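What follows is a set of notes on a single structure, which appears directly below.
The values are calculated or read from the model by the stated rules, or taken from the named source; none is laboratory data. A quick note: this is a predicted structure, and the numbers were derived from the prediction, not measured. Glycine gets a Cβ as well: all are built from the backbone with ideal geometry, and neighbour counts include every protein chain shown. Each accessible area value is taken on the protein alone, full model and side chains, heavy atoms only, with ligands, DNA and RNA left out. Shrake-Rupley method; radii C 1.70, N 1.55, O 1.52, S 1.80 Å.
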Amino acid sequence: PPVVAVFGDSVPAWLIEKAAPTFTRTDVVIANGAHEACDAGVGFPVGFDKTGAELREPEDCQSWDVAYAPVLKQTGRKADVALLMLGASVVTDHLVDGQRRSPCEDLRWYTADLAKRVAFLRAKGTRVIMTIPSWTGERSQFVFPPDYGKRMGCVRDALVAFAAAQNIPTIDLAPELCPAGPAGDCEKTSLDGLHVDAEKAPAVFDWLLDQ
């Protein structure tokens with residue numbers, strides 16, 4: 001069965017954690033490279049939550065140039081697919097070149113780093129696939145500002161354009177997690193508006209792998 005290495009922050013990390021206890025599929029092998037609160041960008045800038053408080057990655061968060069290679073060999077076999085589940089970490093403002101910027105102002109600093117990740121993974125002979133992050137619900141304001149919908153739209157647009165330019169297949173999470181769109185209720189991320197609810201995680205993870 002193909003080996004799928006999953007990379008990203010708490011969105012995929014918690015999805016895998018919640019789906020793992022009932023996971024019985026034998027048609028795919030998972031290498032888990034997801035890490036809570038860790039986008040793994042090289043030189044990832046300081047972020048700011050909705051109150052202006054600084055958001056820094058945890059001390060055990062390694063940048064992709066250190067963390068990705070071991071995950072590709074985690075199962076004892078080279079990963080066939082690298083699934084990048086990213087985007088949530090850049091919805092907030094970040095300090096870029098000495099200026100605080102929202103994702104709707106500029107995300108070139110982020111996509112430039114993504115391009116280096118993709119080049120690295122492809123050089124290892126691994127097929128890269130990206131997810132496009134879902135719209136987030138109202139409860140995501142535990143960290144995102146009130147204009148979270150507009151910000152996520154900017155992130156989604158930037159990642160769609162990046163994937164097209166890089167010829168990367170994409171899986172849009174929005175129709176599965178938030179089918180009513182940015183103004184509707186996100187049924188499968190209802191608890192905090194961002195992460196997949198525990199009871200929905202096994203079905204969502206199965207759906208994702210089927211894609």
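List the helices (runs of 4 or more DSSP H) that sit entirely inside region 110-211 and contain at least 1 residues that are of a type in the set (Lys, Arg).
Filter on region 110-211 gives 148-166.
Looking only at region 30-59, filter to residues that are touching a residue at least 24 places away in the same chain (Cβ under 8 Å) and acidic (Asp, Glu); which one of those is surrounded by the most Cβ atoms within 10 Å (Cβ to Cβ)?
39
Considering only residues that are free of Cβ contacts under 8 Å to residues at least 60 places away in the same chain and open to solvent by 50 Å² or more (accessible area, probe 1.4 Å), which ones fall in region 189-211?
Residues satisfying the conditions are 190, 191, 199, 200, 203, 207, 210, 211.
Restricting to region 138-181, give me the number of residues that are surrounded by 20 or more Cβ atoms within 10 Å (Cβ to Cβ), out of contact with any helix residue (DSSP H, G or I) (no Cβ under 8 Å at 6 or more places or on another chain) and of a type in the set (Lys, Arg).
Final tally of qualifying residues: 1.
Just a yes or no: is a residue in region 17-33 within 11 Å of the chain's Cα centre (by Cα), within 28 Å of residue 199 (Cα to Cα) and not in a loop (DSSP other than H, G, I, E, B)?
Scanning region 17-33, I find no residue that is within 11 Å of the chain's Cα centre (by Cα), within 28 Å of residue 199 (Cα to Cα) and not in a loop (DSSP other than H, G, I, E, B), so the answer is no.
Please work out which one of (1) farther than 30 Å from residue 199 by Cβ; (2) touching a residue at least 60 places away in the same chain (Cβ under 8 Å); (3) open to solvent by less than 60 Å² (accessible area, probe 1.4 Å); (4) not β-branched (Val, Ile, Thr) is the condition residue 125 fails and give its number.
Just one mismatch for residue 125, condition (2).
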